Amino acid sequence: MDYESFFSERVSALRDEGRYRVFADLERRVGIFPKARLHRNGAVREVTIWCSNDYLAMGHHPVVLDAMHEALDRSGAGAGGTRNISGNTVYHVDLERELADLHGKESALLFTSGYVSNEATLGTVAKLLPGCVVFSDADNHASMINGIKNSGAERRVFRHNDVQHLESLLVECEPGRPKIIAFESVYSMDGDIAPIDQIVDIAKQYGALTYLDEVHAVGMYGARGGGISEREGLASQIDIIEGTLGKAFGVVGGYIAGSSAMVDFVRGYAPGFIFTTSMPPVVAAGALASVRHLKTSTVERQLQQEHAALLKSALKEAGLPVMESKSHIVPVLVGDPRLCKAITDELLDKHNIYVQPINYPTVPRGTERLRLTPTPLHDAAEIEALVGALTEVWSKLMRRSAA
């Protein structure tokens with residue numbers, strides 16, 4: 001087989017569909033976020049970032065940076081291996097305690113990313129529970145889907161946020177069979193929110209474990225940043241809560257929180273934990289500082305929500321197709337991959353505004369979109385500039401598309 005031709009042809013197919021991903025060479029600099037320096041063709045210019053998952057700009061917060069500087073000087077750069085071989089550091093232990101406390105759980109376990117925490121936990125729990133059936137929301141993240149598939153357990157998919165459909169599938173399952181209901185709180189592409197209370201009630205009725213991905217909600221919602229489950233007073237009724245340290249907390253890494261027995265089970269059986277070098281102490285220290293800060297500070301959350309509401313209102317007033325969203329995520333529907341890419345290229349080239357196009361397979365074909373994420377550090381002038389530029393580009397490219 002001509003392997004190189006195969007690879008090249010498949011990449012060409014991505015280009016033809018308008019789905020080839022181009023990464024901007026951005027230099028984020030402390031003190032000027034959401035501005036950044038774009039390096040292109042030997043030149044450097046300043047752009048405004050509008051699609052960062054550092055939702056609260058904690059990646060630039062002095063509390064986080066100071067903690068990381070101190071940990072780097074004290075403990076060095078790397079973890080030295082897996083925790084099974086190299087042991088814990090005080091940062092890892094303290095961070096897991098803070099995360100367990102954040103969600104009102106007995107224990108927590110760190111992973112190198114949110115993707116790994118989902119894949120490893122679902123893959124392990126569903127595999128080793130005898131005869132387990134996993135009921136998975138149709139819009140679950142790829143990491144959850146892959147974890148379930150890798151487990152080899154039977155998977156039944158319920159329509160997105162459709163509690164009646166979920167119950168109809170549960171009714172068909174043998175009463176004594178182990179069951180897991182896996183779903184998210186905030187869905188990152190549409191910005192909608194799961195009916196957690198209804199799912200919890202159904203899970204109790206049918207004897208199912210609940211597995212809640214709070215990746216896009218931790219730090220953002222609840223009095224202490226524990227996510228939607230904290231805001232709704234339901235965290236104690238969720239069996240396994242999964243989250244990330246790479247979005248609102250501004251660093252990197254993933255985790256689960258739950259009972260001591262469940263966490264110890266995953267720690268002892270999950271290959272994704274056992275055989276992976278643990279996060280560097282400096283990263284754990286930064287995450288620890290961020291979690292502690294957001295447990296008591298509401299300023300960042302309040303400003304972010306205000307700016308998200310302002311942006312949604314301005315987009316609607318401008319007649320742009322902003323999708324309904326009950327969260328901090330602001331999606332604008334385009335519906336065509338080539339047009340989506342053309343819009344983002346024009347915003348960057350002509351207006352110094354950086355937004356990445358969201359295309360298949362991240363979203364279904366025909367629902368391609370821009371995904372805007374205002375932060376506490378975006379101001380009213382930057383929101384006005386974004387809406388003005390997008391209105392101009394939208395009108396120009398839509399006319400061209402219709403011609």
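Laid out as a table, the results:
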{"item": "Gaussian network model of the chain, Cα within-10 Å springs - most flexible of K350, K127, K179", "result": "K350"}
{"item": "Rounded accessible area per residue of the chain, 1.4 Å, Å²", "result": "44"}
{"item": "Estimated distance in nm for a label pair at L14 and V163, the labels positioned 7 Å out from Cα along Cα-to-Cβ", "result": "4.1"}
{"item": "Positive-pole candidate from L294, G319, Q305, dipole of the range 285-325, charges at beta carbon", "result": "L294"}
{"item": "Largest to smallest accessible area among D336, D264, D54 [probe 1.4 Å]", "result": "D264, D336, D54"}
{"item": "Summed side-chain charge close to L288 - residues other than L288 whose Cβ falls under 14 Å, Lys, Arg +1, Asp, Glu -1", "result": "-2"}
{"item": "Exposure of S52 as accessible area (Å², to 10), given a probe of 1.4 Å and all protein chains", "result": "20"}
{"item": "Cα shape, the range 248-362, gyration tensor, a/c 1.5 rule", "result": "prolate"}
{"item": "Amide H within-cut-off set for H141, under 5 Å, with H built and near neighbours excluded", "result": "none"}
{"item": "With every protein chain in place, the range 129-241: carbon and sulfur % of accessible area (1.4 Å)", "result": "49"}
{"item": "Tilt relative to the chain, helix 299-317 - C-alpha long axis, 0 to 90 degrees, to 10", "result": "50"}
{"item": "In Å², nearest 10: area of H160 left accessible to a 1.4 Å probe", "result": "50"}
{"item": "Which labelled figure in (1) 55, 47, 42; (2) 61, 54, 54; (3) 62, 53, 42 is Cα extents along the principal axes in Å, once derived from the coordinates", "result": "(2)"}
{"item": "Of the GluC sites (Glu not before Pro) in the range 67-122, those whose Cβ has at most 16 other Cβ within 10 Å and which sit in DSSP loop", "result": "E106"}
{"item": "Cα gyration tensor, the range 317-367 - rounded (a/c under 1.5), prolate or oblate", "result": "oblate"}
{"item": "With Cα atoms, 0 to 90° folded angle of helix 380-402 axis to the chain main axis", "result": "70"}
{"item": "Residue with peak Gaussian network fluctuation, the chain [Cα springs, cutoff 10 Å], from R177, R369, R267", "result": "R177"}
{"item": "Residue among L234, L315, L288 with the largest mean-square fluctuation in a Gaussian network model of the chain, springs linking Cα atoms under 10 Å", "result": "L234"}
{"item": "R0 of 60 Å, Cβ-Cβ distance E306-E4: FRET efficiency to nearest 0.05", "result": "0.70"}
{"item": "Rounded to the nearest 10 Å², the accessible area of W394 at probe 1.4 Å", "result": "40"}
{"item": "Which of Y3, Y55 is most accessible, then next, and so on - probe 1.4 Å", "result": "Y3, Y55"}
{"item": "Distance in nm between pseudo-label sites at E324 and K396 (7 Å out along the Cβ direction from Cα)", "result": "3.3"}
{"item": "Heavy-atom SASA rank of H293, H328, H69 (probe 1.4 Å, accessible area, largest first)", "result": "H69, H293, H328"}
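The values are calculated or read from the model by the stated rules, or taken from the named source; none is laboratory data. Every value quoted in this text rests on a predicted model; they were computed, and no experiment measured them. Methodologically, a virtual Cβ is constructed for each residue, glycine included, from the backbone with ideal geometry; neighbour enumeration extends over all protein chains shown. Only protein heavy atoms, including side chains, enter the accessible area calculation; ligands, DNA and RNA are left aside. Shrake-Rupley method; radii C 1.70, N 1.55, O 1.52, S 1.80 Å.
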